[in-house]
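The values are calculated or read from the model by the stated rules, or taken from the named source; none is laboratory data. All figures in this text were calculated on a predicted structure; none of them were measured in a lab. Cβ coordinates were reconstructed from backbone atoms using ideal geometry, including for glycine residues, and neighbour counts include every protein chain displayed.
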């Protein structure tokens, strides 16, 4: 009986440790900005803030995670830096629902989801918002 109890305790401790070893990302947003916060297993906490006025382009694409795809959004700033969020982060659903309100002319989730989701295991990069006259640069080359 004691062995069974100690095995259950060890199992719970190991499960607790496994959860703590994963970095947890959370997306916060409002009419002015996006904040991506993270809490890591070794107290490596942090946050990045992207103001909407500094956002030139929003791209949506998929990452092939071997077994499944992961849909991601990339916010490209005036400094040509990108902040990436994905569908596994807390706050994803409310963010994709609100983007058309934050960015007039931004494509809605219903408009871009099928294009990005299918076919499976392909990147399917799609620009869902671009500020007027913003060139798209990849690897130092202007592509549009």
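When residue 80 is tested against (1) part of a strand (DSSP E or B); (2) in contact (Cβ under 8 Å) with a residue 40 or more places away in the chain, just one condition goes unmet, and that condition is (1).
Could you please give the count of residues in segment 29-77 that are assigned to a strand (DSSP E or B) and within 18 Å of residue 124 (Cα to Cα)? The number of residues fulfilling the criteria is 16.
So that you can scan it fast, the table gives a plain yes or no per residue for (1) out of contact with any helix residue (DSSP H, G or I) (no Cβ under 8 Å at 6 or more places or on another chain); (2) at pLDDT below 95:
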{"site": "11", "(1), (2)": "yes, yes"}
{"site": "27", "(1), (2)": "no, no"}
{"site": "32", "(1), (2)": "no, no"}
{"site": "42", "(1), (2)": "yes, yes"}
{"site": "72", "(1), (2)": "yes, no"}
{"site": "93", "(1), (2)": "yes, no"}
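The set of residues from segment 95-124 being loosely packed, with under 14 Cβ neighbours inside 10 Å and assigned to a loop (DSSP other than H, G, I, E, B) comprises 104, 105, 108, 118, 119, 120, 121, 122, 123.
Once segment 125-144 is narrowed to residues that are in a loop (DSSP other than H, G, I, E, B) and surrounded by 10 or more Cβ atoms within 10 Å (Cβ to Cβ), the residue that is modelled with the lowest pLDDT is 134. For first residues located in segment 94-119 and within 20 Å of residue 56 (Cα to Cα), partners that are surrounded by fewer than 15 Cβ atoms within 10 Å (Cβ to Cβ) and lie 6+ apart or on another chain with Cβ distances below 7 Å form the pairs 100/108; 102/31; 109/97. In this structure, residue 86 does not satisfy being at pLDDT 95 or above and out of contact with any strand residue (DSSP E or B) (no Cβ under 6 Å at 6 or more places or on another chain). Of the residues contained in segment 54-76, none is found to be surrounded by fewer than 11 Cβ atoms within 10 Å (Cβ to Cβ) and over 24 Å from residue 117 (Cα atoms). Looking only at segment 24-41, decide whether some residue is touching a strand residue (DSSP E or B) at 6+ places or on another chain (Cβ under 9 Å), surrounded by 15 or more Cβ atoms within 10 Å (Cβ to Cβ), touching a residue at least 60 places away in the same chain (Cβ under 8 Å) and at positive phi. So far as segment 24-41 goes, no, none of its residues is touching a strand residue (DSSP E or B) at 6+ places or on another chain (Cβ under 9 Å), surrounded by 15 or more Cβ atoms within 10 Å (Cβ to Cβ), touching a residue at least 60 places away in the same chain (Cβ under 8 Å) and at positive phi.
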